[in-house]
Structure formats: structure tokens, C-alpha cells
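K.L.:
Just passing along the structure, written as C-alpha cells.
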There are 2 protein chains.
Amino acid sequence: MAALAETARLIRSPYHDAVVAAGVTDWSIYNRTLLPLSFGDLQAEYRRLTEGVALWDVSCQRQVQIEGRDAEVCVQYLTARDLSKMRVGQGRYVAMCDHDGRLLNDPVLLKLSDGRFWFSIADSDMLLWCRAIAAERGFDVQITDPNVGPLAVQGPKAADVIADVFGESTRDIKFFGFEEVVHDGIKLVLCRSGWSHQGGFELFLESAHRGVDLWNLVAEAGEPYGIGPGGPNHVERVEAGLLAWGGDTTPDSNPFEAGMARYVDVDCEAEYIGKAALMRVVEEGPARQFVGLMVEGEYTEPWPLPQRAVVRRGSEDVGTMSALVRSPKLDRTIGLAQITTPVVEASERVEIESPSGPLCADIVALPFV
Amino acid sequence: MAALAETARLIRSPYHDAVVAAGVTDWSIYNRTLLPLSFGDLQAEYRRLTEGVALWDVSCQRQVQIEGRDAEVCVQYLTARDLSKMRVGQGRYVAMCDHDGRLLNDPVLLKLSDGRFWFSIADSDMLLWCRAIAAERGFDVQITDPNVGPLAVQGPKAADVIADVFGESTRDIKFFGFEEVVHDGIKLVLCRSGWSHQGGFELFLESAHRGVDLWNLVAEAGEPYGIGPGGPNHVERVEAGLLAWGGDTTPDSNPFEAGMARYVDVDCEAEYIGKAALMRVVEEGPARQFVGLMVEGEYTEPWPLPQRAVVRRGSEDVGTMSALVRSPKLDRTIGLAQITTPVVEASERVEIESPSGPLCADIVALPFV
């Protein structure tokens, strides 16, 4: 691929200079922010994540902060999940849908106080969406982008690194739990979360001008554990069946077609956008399902698919494949796809029009590992 | 800069294969779509645009189509400009604002019929915004992304190329006027528009699968005129003072702070989002203005600034500079900035903290040429 040109239109990460110094080789852009994808050694980056500890600049996960008298009502109206039992200090993986039940984003929602929430968003501009809804509904809230860019520390040794920096008590933080911390003058929210199945933390940095300091602090503490830079890891996330919104989903997907059924509540008192449409999907069953593909044969291309590939059964289009990797854990070629429900339920074998030629695959449930 | 990794999350341009074959060297991402910025020779690309004819893949200008019984009412409510006299076959440069008068986007609006419009958008997801507003207001409209990616033919010889392909009558199309065309089975909207001051057309391709054919058709017809590939040209657009939304504007800018005063109507019967806030700005005067900077000294960096630079007067921050180029037309170093109104009105000299060190500049009105 050709180079990426950096311009003033893009949001600069608080960790930018550290990432460049660490030797980033491949970027994406996500929420108008540079997202480092690799530092030149994909195998080592996978190994660090799955056996040691990895450091990722995921400041592209922008926060949408909702604050004010109606914050609770507003956040519930925006979220297709019953939040009535959510407590301060908790995070929740949630679906945000439009009035037709289309999945707009799959953020992690953090409840900072009774009147203050963050949606930590995937790659669609929920600031726009939330402001439109709140203004038209007349909610008494302030909706802002507080410029909080997370730094992810992921892997089986992540908890050791975090304990060495922030204290042993951090080991007691539960999954999706968080604490507000000030360390060396750096204000951040320390959350046990991250886009991998290897465990770890995301450091939601509030002192944006201290990004390089925070990066260096964690990088130095991680040295004994073999920490190194990386980015959200394509191979590991496929093994774990983690959803990449916008990549694995089409613009008209509902959350049930994105593997999010267990995070959507339709039998609750809460009123939210898209509820009626989602109830219809539950009644009728989703048209497609998000599944794994166990693919025959070898596959060596280390990078993500540049676009979705058509999945067929005989002459019929039955879905699209959005990811294809060689899994080191399984020593198999695996993929992710959205496939029509009848084909999934019949567990039928499918054919894929991959960029490297036709492939055969069996449909399996997620996650792979 | 490091490489850009292409992934399934990004929208693929209908011209993608032609752009790669033409030797693209530098990308940006705009509306989640790959935007080719250069093919390796910025000087030749500027020369073709200003003296000949240039071909740009600007399919990242996604369309938001608003169609249905309430289309006219809905489009007006979304637009800070009086559209009561707009006719079918016309385009208009418009401001879309939020309820606080912040500029969300500066699209060209095309009226395809009384019940069907396209917003041809800058880099913010107005599909989300428009759907939120329409659903909450109960407008009877369908709002979609029709997958129409424009191809821009820009430069003093663009009209010759377009006349050779689509007929001499295309010379009579007025600025922002358009015609629906089917040529060689390729359906498109031919509009006299484009993000340069050199004149030209944008071909809004409706037959998305024919992108490479359309590119090749225009490229071949343009050969006698020296056509060549390029991208929205940073140097020419600075000379012309053309706004780059998100680059030249901050997230809280109103249209009066973005040089869009003449496109905003507050003394009209039309009701639209942000009107009350914009009336207050008119009464009180905008806090900042979008201006040119005539900068002292040489400047040789050919690429856009990677981020905005602070503008000072003495020890006081008075704005931000978003672009800095060497203008071939003026043989001067020039810039674009948002500066506080009192400083602009006093025409005071300012200092800039540029990446290459401190600079001095005089404030001038736009455009430069």
C-alpha cells in the first residue's frame, strides 16, 4: 500500500510522538484519528499479546461524554440494553441502534457518576448522533468529546505491569470495572477492558498533554515482561470472534446479526431507540448470523482482507466473509462471516470467493478459542 | 509517513483499481473511504490542474439521499440556507449546523427532483445526523447512502474533455448546474462543480460497478489535453481560499467563522436547525474569522500541515493556522487561519508557531487569487 498523508483534518493522538519513536510502520484511520496497526513484525506482535504484554495506542476510541440532569435518561434512550442496574464504576458492552434497529456502534459504556457517562466508541461518529437525538428530545444534557484517548495494555502479563505501576490493588478490578486514578500528576481512568481475549487494561487518559509520559511509564514498567508496541491484533481478534464494527457488519446489520444478542434487552421496561424494530427481529429471527468459518487449506497473507468476500452455496449468495487468517492457536485457516440463518442452521458447507481464489469452509460457532 | 493498511471497514471507491493502476502514492481516508491525494509528482499535479486538466477520485464525497413526501421540508430543516427558490437541476453550497449553530458539514446540495435530494458531503457522517433528525421529527422520508462516488475533472481544459465525451451541449451547463446522463450504459449526474477554482465537472457515478470504465473513458478523452491523475490539490485550494471542513475549522466553529456568511440566511421564513443560535452570532458578530496569511520568508515543505499551528499576537493566543504553502501564482508563502475578530479588524501582524519555527504574517482577505 501507498503512504498515509497526515493532515490537520485528522485528530492527533496524545501518544503520537511515542508511537512514531517506537517505529510504527502501518496506520489506519478510525474516528478521524490515526490508529497504529503495526510496528513491522506481525508475528512478534501476536506473540507478545498472547504470551506476554502488548502496548497499543487506541486513542481512536473517542469518548462521547453525556453529562447533566437527564444524563441517565438520555443514555438509556440511546442504548439497546437495560441499564437500570448499572452502577458507578462499571462498564458495559452495549449496542447503539437507529430507529430501524440498525447497529450504529458497539461501544463500551462507562458510568463515571450518576450524571456522567462515556460511550467509548467504534468507528462511527456517535457524537453527531447523540447530539441530534438529545437536542430534538429536549434532554437537559451536555454532550462533548472530552479528548480522552485510551492506551491499551493487553496480554497475560498486563495485570503485572499495571500492578507494578499503579499498585497491587489494581489486580482486584473486575472485568469492565474501573477506577479513577491520578499517578505522577497524570489523571486517568483505569479500566479492565480491551479489544482482545487476553485480558488487560485500558488507560483512559484525561491529561491529554501527558500522553508520551504515560506511554513511557508503561513501556518502562513493562520491560521486564517483554512489553512491546502493537495495535489491535487482527489474528487474535478473529480467533476470539471479536466484532469489528463496520468491517464485520454491513450498514444495515442489526445487533442480532452481529453476534450481540446477549447484550440486547427487549423484555425490559426501558425505552430506547429501535426497541420496536428489535422486538420484531426477535420475533421473526435475524436474517443473518455472525459466525466462524473453518476454512480448508493453507493461507499465508498476514494482513486483513481489503474488502468483504462473497460467500456462496452453489449459485446462491448466502453472505459475506469479512476476515480470513491463519490461526497459530488452531493451526487452521479461519474466517469470520455474516451468513443467512437457514444456511447457518443447516450447518451447510459454503464456498468463498476469496481474493486468492475459491475456498471451501464449514460454519462454526464463535469464538474459535 | 508509514503505509496505510486497507481493511474491510473502509469503503472501496468504484475507481479503486484504476487509481492503483495509475500509481497512487499517497492516501488519506475521508468519510471512511480511501482518498488518493497524490501520484508522486505534486508539481506536475498542480500544473495540470491550473494549466490543463486533472482527474481525481473523490468518491469519498459520499451522498446522503433524502427522498419522499417530506423531502423538501426535511432538507430545509437540515440546511442553514433559504432553499425556497431552489430549482430541480441546481446545486447549492450549504451549511449544515447543529442546534447550537456549530458547522457540522459544508456539502453541495443537489436537487434531483421535487422529492429527491443529495447532500454531497465533507468528512463527517451526515447520514447519521440526518437519520436521527428525520426519525425524531417524524418526517416521511427515506434517507440512504446511494453509493454514488464522484469523479472530478478539474482545470481550464476540463470543459473540453467533458464536451468531447458527453457532447458540446455540456458547455452550457452553468456553475452548480447538472444534468442526468446515460453514456455507454453508464448512468451519472454531470455537474459543473468541484473543489478547485479552476473550473470543471464532477461526475456523480450511479452505475458503481462501471467506475473503472468511466475513469478510462475520461482518461482517454483527456489524453490530447494532457490529463493526468491527482487529488484535491492542497496548494491550489489554499490560493483559492477553499474551506477544508475539519481541517480549517475547529469542532465548535460556526459557519460565520468558516467564511460561509454569504451562504447562510437568517432573514428568511425558513425554519432550520441552529437558526436561533446563528441569529445571535449575526447580532453579536463572530468571535473568529477565516482569513489568509501573507507569510514572510520561504517555505518548501510540499505537504499539508500535520496539525494546526498556534497563532499569537505577543503573548496572546489569537487563533490557529491550518494551512501553509508556497504559492506558485504569487511566489509568496501563504496560509489559512482562524483568527479572533478584533485582531482581524485591527489588521494586526501576527506570529505563528509553525513546525519549522516561528513565522510572521499579515492578515489578508480570501481568496488570495
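K.L.:
Can you give the helix-only mean residue ellipticity at 222 nm for chain B, where every DSSP H stretch with n ≥ 4 adds -39500 (n - 2.57) and the sum goes over all residues, rounded to the nearest 500 deg cm²/dmol? Before the final figure, lay out each step's value.
P.N.:
Working: 9 runs with 78 residues, N = 369.
-6000 deg cm²/dmol, from helical runs alone.
K.L.:
Put a dot 7 Å past each Cα toward the Cβ at A:V310 and A:K187; how far apart are the dots in nm?
P.N.:
Calculated label separation equals 5.4 nm.
K.L.:
Just how large is the dipole of the range A:238-364 about the Cα centre, in debye to the nearest 20, putting +1 at every Lys and Arg Cβ and -1 at every Asp and Glu Cβ?
P.N.:
Numbers: 11 positive and 21 negative charges, 55 e Å.
Approximately 260 debye in magnitude.
K.L.:
Averaged across the residues of A:9-16, what count of C-beta atoms belonging to other chains lies within 10 Å of each residue's C-beta?
P.N.:
Across A:9-16, the average partner-chain Cβ count within 10 Å equals 4.
K.L.:
Compute the FRET efficiency between A:T300 and B:D114 as 1/(1 + (r/R0)^6), taking r as their Cβ-Cβ distance and R0 = 45 Å, and round to the nearest 0.05.
P.N.:
On the way: r = 55 Å, r/R0 = 1.23.
The pair A:T300/B:D114 has a calculated efficiency of 0.20.
K.L.:
Here is a follow-up. For B:A208 paired with B:R137, estimate the spin-label separation in nm (one decimal), with each label point 7 Å from Cα along the Cα-to-Cβ line.
P.N.:
So the two model labels end up 2.6 nm from each other.
K.L.:
A follow-up question, please. Work out the length of the dipole vector of the protein assembly as shown about its Cα centre, built from +1 on the beta-carbon of each Lys and Arg and -1 on the beta-carbon of each Asp and Glu, and round it to the nearest 20 debye.
P.N.:
Working: 68 positive and 108 negative charges, 56 e Å.
That gives a dipole near 260 debye.
K.L.:
Measure off 7 Å from each Cα along the Cα-to-Cβ vector at A:V73 and B:D331, then give the distance between these two points in nanometres to one decimal.
P.N.:
6.7
K.L.:
Hey, another quick one. Just flag the trypsin sites (Lys or Arg not before Pro) in the range B:47-76 sitting in loop per DSSP whose Cβ has no more than 13 other Cβ atoms within 10 Å. Before the final figure, lay out each step's value.
P.N.:
Working: sites: B:R47, B:R48, B:R62, B:R69; in loops: B:R62, B:R69.
When the trypsin sites (Lys or Arg not before Pro) of the range B:47-76 are filtered for loop state and at most 13 Cβ neighbours within 10 Å, B:R69 remain.
K.L.:
Still on this structure, I have one more. Sorted from largest down, what three extents in whole angstroms do the Cα atoms of the range A:238-364 have along their principal axes?
P.N.:
Largest first, the range A:238-364 extends 50, 29, 23 Å along its Cα principal axes.
K.L.:
If you don't mind, there's one more thing I want to ask. Which residues in the range B:257-272 place their backbone N less than 16 Å from a point set 7 Å from the Cα of B:E345 along the Cα-to-Cβ direction?
P.N.:
Inside the label zone: B:257.
K.L.:
Please identify which residues in the range B:218-233 have an amide N closer than 18 Å to a label point set 7 Å out from the Cα of B:T25, following the Cα→Cβ vector.
P.N.:
Counting only backbone N, you get B:228-233.
K.L.:
Moving to a separate point now. Note the distances from B:V20 to each other copy's matching label point, with points 7 Å along the Cα-to-beta-carbon direction, in nm, sorted shortest first.
P.N.:
Relative to the other copies, B:V20 has label-point distances of 2.9 nm.
K.L.:
Same structure, new question: Using mean Cβ contacts within 10 Å as the protection proxy, how do A:249-258, A:34-43 order, highest first?
P.N.:
Peptide ranking by packing, descending: A:249-258, A:34-43.
K.L.:
Mind running the shape call on the range B:160-301? Use the C-alpha gyration tensor, a ≥ b ≥ c as the square roots of the eigenvalues: rounded below 1.5 for a/c, prolate if a/b tops b/c, oblate otherwise. Before the final figure, lay out each step's value.
P.N.:
Values: a/c = 2.74, a/b = 1.57, b/c = 1.74.
Verdict is oblate for the range B:160-301.
K.L.:
Taking a point 7 Å out from Cα toward Cβ as the label site, list the nm distances between A:E301 and the same residue in every other copy, smallest first.
P.N.:
Copy-to-copy label distances at A:E301, shortest first: 3.6 nm.
K.L.:
How would you classify chain A from its alpha-carbon gyration tensor, with a ≥ b ≥ c the square roots of the eigenvalues: rounded for a/c under 1.5, else prolate if a/b is greater than b/c, otherwise oblate?
P.N.:
Values: a/c = 1.76, a/b = 1.11, b/c = 1.58.
In terms of gyration-tensor shape, oblate.
K.L.:
Gap in Å between the Cα centre of the range B:244-288 and the Cα centre of the range A:146-160?
P.N.:
The distance from the Cα centre of the range A:146-160 to that of the range B:244-288 comes to 40 Å.
K.L.:
Still on this model: In a Gaussian network model over chain A where Cα atoms closer than 10 Å are linked, find which of A:R237, A:R12, A:R280 has the largest mean-square fluctuation.
P.N.:
Of A:R237, A:R12, A:R280, the most mobile in the Gaussian network model is A:R280.
K.L.:
Putting +1 on Lys and Arg Cβ atoms and -1 on Asp and Glu Cβ atoms, find which of A:W27, B:A159, A:G274 reaches farthest to the positive end of the dipole of the protein assembly as shown.
P.N.:
A:G274
K.L.:
Given H placed 1.01 Å from N in the peptide plane, which residues other than close sequence neighbours of A:D82 have an amide H under 5 Å from its amide H?
P.N.:
So A:D82 has HN proximity to A:D265.
K.L.:
On to the next question. Quick one: Karplus J couplings for the range B:125-139, per residue in order, coefficients 6.51, -1.76, 1.60, θ = phi - 60°, nearest Hz, x for Gly and Pro?
P.N.:
Running phi through 6.51 cos²θ - 1.76 cosθ + 1.60 with θ = phi - 60° gives 7, 6, 4, 4, 4, 5, 5, 4, 5, 4, 5, 5, 7, x, 5 Hz.
K.L.:
Please compute the average number of Cβ atoms from other chains found within 10 Å of each residue's Cβ in peptide B:133-141.
P.N.:
Numbers: counts 4, 3, 8, 8, 1, 0, 0, 0, 0.
Taking all residues of B:133-141 together, the mean is 3.
K.L.:
Bin width 5 Å, origin at 0, all Cα-Cα pairs of the range A:1-111: what percent of pairs per bin?
P.N.:
2, 9, 16, 16, 14, 14, 13, 10, 5, 1
K.L.:
Roughly how big is chain A's charge dipole about its Cα centre, with Cβ charges of +1 (Lys, Arg) and -1 (Asp, Glu), in debye to the nearest 20? Could you put the intermediate results ahead of the total?
P.N.:
Values: 34 positive and 54 negative charges, 44 e Å.
For chain A, the charge dipole is close to 220 debye.
K.L.:
Cα to Cα, under 28 Å, and not fewer than 8 places away if on the same chain: which lysines meet these conditions relative to A:K111?
P.N.:
A:K85, A:K157, A:K174, A:K187, A:K275
K.L.:
A further question follows. Please average, across the residues of A:119-129, the number of beta carbons from any other chain that are within 10 Å of each residue's own beta carbon, and give a whole number. Provide the component values of the computation, followed by the final result.
P.N.:
Numbers: counts 0, 0, 0, 1, 4, 4, 9, 2, 5, 11, 5.
The shielding value for this peptide is 4.
K.L.:
Can you bin the protein assembly as shown into rounded, prolate or oblate? Criterion: square roots of the alpha carbon gyration tensor eigenvalues sorted a ≥ b ≥ c, rounded for a/c under 1.5, prolate for a/b above b/c, oblate for the rest.
P.N.:
Details: a/c = 1.39, a/b = 1.24, b/c = 1.12.
Rounded.
No value in this document is a laboratory result; all are computed from the given coordinates. Just so we're clear, the structure is a prediction, and the values are computed from it rather than from any experiment. All Cβ positions, even for glycine, are placed from backbone atoms using ideal geometry, and neighbour counts span all protein chains on display.
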